[in-house]
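No value in this document is a laboratory result; all are computed from the given coordinates. Here the structure is a predicted model, which means the values were calculated and not measured. Cβ coordinates were reconstructed from backbone atoms using ideal geometry, including for glycine residues, and neighbour counts include every protein chain displayed.
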Amino acid sequence: MADTEALLAAWSERADGEVDAWARARPGPALESVAARISRIPQEFLDERISLRALAGDVLGGQIVASRFEDDPRVRQGAAIGLWLVASEGVIEPLQPALASGWAGLAVDALALRVAPVASPSDWTSDDERRTEAARTFLLWCGFLPAGEDAATAASLLAACDSLARNRALADAFEGHRHRAEIARKLAEARRKEAAARYSSE
């Protein structure tokens with residue numbers, strides 16, 4: 001099983017920050033509809049014999065960062081539930097707006113790398129609060145607000161059930177990873193601008 005901090009660090013490198021996520025979020029499907037689908041995940045999606053890489057390829061037509069950690073049961077289950085949410089639109093019916101119209105791959109990684117390491121996915125189907133946390137997290141990183149909520153309300157309600165925030169030591173470690181990832185992104189952007197400026201002046 002992967003180290004929890006390593007998974008949170010991988011998420012920090014993958015995500016571009018919650019502030020940006022809330023800023024781009026637009027009205028999305030009803031929270032209850034997404035949560036209900038989590039509790040209805042077919043056993044085939046949870047089958048450990050199925051490659052996460054293959055499942056992501058079939059559902060998303062691309063790969064997810066979580067595939068690097070598929071030997072960790074928490075990551076595999078969290079990603080499988082996220083992939084089911086996207087696939088369910090072809091099995092049950094599309095949500096309005098469709099999850100596939102957002103950042104579905106990012107949302108799958110959010111469940112697998114941000115939520116699953118601190119809140120066991122095995123609880124998401126039976127525990128209302130954990131299922132709500134997963135549904136709210138998925139919607140945010142997919143680019144949506146739950147239907148009928150503004151960003152401030154949605155952020156407050158997600159914060160109230162955030163398992164990571166309740167674990168002070170892990171939350172502090174995650175903040176350190178997030179800060180380092182943000183600095184790395186800013187340095188990379190500065191280098192790109194400097195290189196472009198040099199290129200244009202030659």
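At 222 nm, what helix-only mean residue ellipticity would the chain give, in deg cm²/dmol to the nearest 500, using -39500 (n - 2.57) for each DSSP H run of four or more?
On the way: 11 runs with 127 residues, N = 202.
So the helix-based figure for the chain works out to -19500 deg cm²/dmol.
Determine the shape class of the range 35-101: with a ≥ b ≥ c the square roots of the Cα gyration tensor eigenvalues, call it rounded for a/c under 1.5, and otherwise prolate if a/b is greater than b/c, oblate otherwise.
Numbers: a/c = 2.04, a/b = 1.50, b/c = 1.37.
In terms of gyration-tensor shape, prolate.
Applying 1/(1 + (r/R0)^6) with R0 = 30 Å to the Cβ-Cβ distance of ARG185 and GLN96, what FRET efficiency is obtained, to the nearest 0.05?
In this case the efficiency is close to 0.35.
What's the FRET efficiency of ALA30 with ASP123 using the Cβ-Cβ distance as r and R₀ = 22 Å, to the nearest 0.05?
That gives a FRET efficiency of 0.50.
Return a whole-number percent for the relative contact order of the chain, with Cα pairs under 8 Å and 6 or more residues apart as the contact set. Walk me through the intermediate numbers first.
Working: 254 pairs, mean separation 62.3, N = 202.
Over the chain, the number comes to 31 percent.
Helix 151-160 versus the longest principal axis of the chain: what angle, 0 to 90°, nearest 10, using Cα atoms?
Roughly 70 degrees between the two axes.
Between rounded, prolate and oblate, where does the range 1-61 land on the alpha carbon gyration tensor, with a ≥ b ≥ c its root eigenvalues, rounded for a/c under 1.5, else prolate if a/b exceeds b/c? Intermediate results must be reported in sequence, preceding the final value.
Numbers: a/c = 1.93, a/b = 1.12, b/c = 1.72.
Oblate, because a/c is 1.5 or more while a/b does not exceed b/c.
Relative to the longest principal Cα axis of the chain, at what angle does helix 4-14 sit, 0 to 90 degrees, rounded to 10?
Approximately 60 degrees, to the nearest 10.
How would the range 41-143 be classified by its alpha-carbon gyration tensor: rounded, prolate or oblate, with rounded meaning a/c under 1.5 and the a/b versus b/c comparison settling the rest?
rounded
Show the residues, 5+ positions off or on another chain, whose built amide H is closer than 5 Å to the amide H of LEU145.
ARG26, GLY28
Nearest 10 degrees, 0 to 90: what angle lies between the long axis of helix 73-91 and the longest principal axis of the chain (Cα atoms)?
Value to nearest ten degrees: 70.
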